[in-house]
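The values are calculated or read from the model by the stated rules, or taken from the named source; none is laboratory data. What you are looking at is a predicted structure, and each value in this text was computed from that prediction instead of being measured. Virtual Cβ from ideal backbone geometry, glycine too; neighbours counted across all protein chains shown. Each accessible area value is taken on the protein alone, full model and side chains, heavy atoms only, with ligands, DNA and RNA left out. Shrake-Rupley method; radii C 1.70, N 1.55, O 1.52, S 1.80 Å.
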Amino acid sequence: MKDKCEGRKSKLSKLLIIVPVLLMASILFTSHLCCGATPPVSAPYLTIGLDNAKDPGAVSVVLQIFVLLTVLSLAPAILIMLTSFTRIAIVLSLLRQAMGTHNMPPNQIVFGMALFLTFFIMTPVWQEVNEQALQPYLEKKITQEQALENASGPIRKFMFKQTREKDLALFVDIADIKKPGNIDEIPTSVLIPSFMISELKTAFQIGFLLYVPFLILDMVVASVLLSMGMMMLPPIMVSLPFKLMLFVLVDGWYLIVGSLVKGFG
């Protein structure tokens, strides 16, 4: 028994000596690999700086790219505010609320329809801009300033046709500028907000006219249900099928879309 105990003690003492030696060897081997055996791994890095330009043309190109990106970021606002999109989107949204269908048709369909109707209405304007400004500029027949001036002409003409004189007079007075003698003297900064509030007013007027027949139908259904003592039944549940039937019988989409498109003629 004593021999077995002494053998175990000797093995344990050897392990206690070997383990620290192995740990020290592994540490030295790892430090050797990190420091000298393998080359350090280089990672790429990105630097952003401002250097002195030797060619003035390079500065001009950078500024043109910056202006182009700025215009592209404002493109959605230009599409919404300077075209027929505002009126069409508001009228279609008010029609959906007047019918009481809530999310039918969905927002994607409503705004998609408004977008494509806007493209259809604005196509003659874009064609005129393309013929008078874009193509001559690409063919280097006119300068950039002349192209911008030629492009603004058809768009201003379209907005003037839909803008009320009262709204124009309001913003001319607010801007505190000299009373213009003709429409060419009205700056674009005055024309754009005047066009926007005119479009909003027209859209709400059309929406009011759309609400009237559906409101009358709701009142008739509510009075019938009240006279029958069915006060717990929501009138909207009964009137909605009649609204849909009325809208289909009169071919509502044909009348509304036709009126909206012809209103910009």
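Find all pairs meeting these conditions: Cβ atoms under 9 angstrom apart; at least six residues apart or on different chains; first residue within segment 116-141 and outside any helix (DSSP H, G or I); second residue among the hydroxyl-bearing types (Ser, Thr, Tyr).
From segment 116-141, no pairs qualify.
Going by what's in this entry, would LYS157 be described as of a type outside the set (Ser, Thr, Tyr) and exposed (fewer than 12 other Cβ atoms within 10 Å of the Cβ)?
Spelling it out, it is not the case that LYS157 is of a type outside the set (Ser, Thr, Tyr) and exposed (fewer than 12 other Cβ atoms within 10 Å of the Cβ).
Among the listed residues ASP167, ASP173, which satisfies the condition of being open to solvent by 50 Å² or more (accessible area, probe 1.4 Å), closer than 30 Å to ALA203 by Cα and modelled with pLDDT of 85 or more?
ASP173
Just to be sure before I move on: is ALA222 closer than 30 Å to LYS161 by Cα and either modelled with pLDDT under 80 or open to solvent by less than 70 Å² (accessible area, probe 1.4 Å) (or both) in the structure I sent?
The answer is no for ALA222.
Can you give me the number of residues within segment 116-129 that are open to solvent by less than 50 Å² (accessible area, probe 1.4 Å) and under 19 Å from the mean Cα position of the chain (by Cα)?
Within segment 116-129, residues that are open to solvent by less than 50 Å² (accessible area, probe 1.4 Å) and under 19 Å from the mean Cα position of the chain (by Cα) number 3.
Which residues, taken from segment 77-99, are in contact with a Ser or Thr (Cβ under 7 Å, 6 or more places away or on another chain) and either in a helix (DSSP H, G or I) or closer than 23 Å to MET245 by Cα (or both)?
ILE80, PHE85, ARG87, ILE88
Pick out the one residue from PHE204, PHE214, PHE158 that is farther than 29 Å from PRO124 by Cα and part of a helix (DSSP H, G or I).
Every option except PHE214 fails the conditions.
Among all residue pairs at least 6 apart or on different chains, which show Cβ distances below 7 Å where the first residue, located in segment 199-224, is without any contact (Cβ under 8 Å) to a residue 40 or more places away in the chain and the second is hydrophobic (A, V, I, L, M, F, W, C) and exposed (fewer than 14 other Cβ atoms within 10 Å of the Cβ)?
none
Out of all the residues in segment 70-95, which are crowded, with 19+ Cβ neighbours inside 10 Å and not aliphatic (A, V, I, L, M)?
Selection gives THR83, SER84, PHE85, THR86, ARG87.
All but one of (1) in contact with a helix residue (DSSP H, G or I) (Cβ under 9 Å, 6 or more places away or on another chain); (2) surrounded by fewer than 17 Cβ atoms within 10 Å (Cβ to Cβ) hold for GLY207; which doesn't?
Exception for GLY207: condition (2).
Select from segment 94-153 the residues that are in contact with a helix residue (DSSP H, G or I) (Cβ under 9 Å, 6 or more places away or on another chain), under 23 Å from GLY263 (Cα atoms) and hydroxyl-bearing (Ser, Thr, Tyr) and list them in ascending order.
THR118, SER152
For the list (1) modelled with pLDDT under 65; (2) open to solvent by 100 Å² or more (accessible area, probe 1.4 Å); (3) assigned to a loop (DSSP other than H, G, I, E, B), I need the number of the one condition that ASN103 fails.
It fails just one condition, (1).
Return the total of residues in segment 236-246 being more than 15 Å from HIS102 (Cβ to Cβ) and open to solvent by less than 60 Å² (accessible area, probe 1.4 Å).
Qualifying residue count, segment 236-246: 1.
Within segment 247-265, track down each residue that is outside any helix (DSSP H, G or I), closer than 19 Å to THR86 by Cβ and open to solvent by 70 Å² or more (accessible area, probe 1.4 Å).
Listed by number, the list holds a single entry, GLY265.
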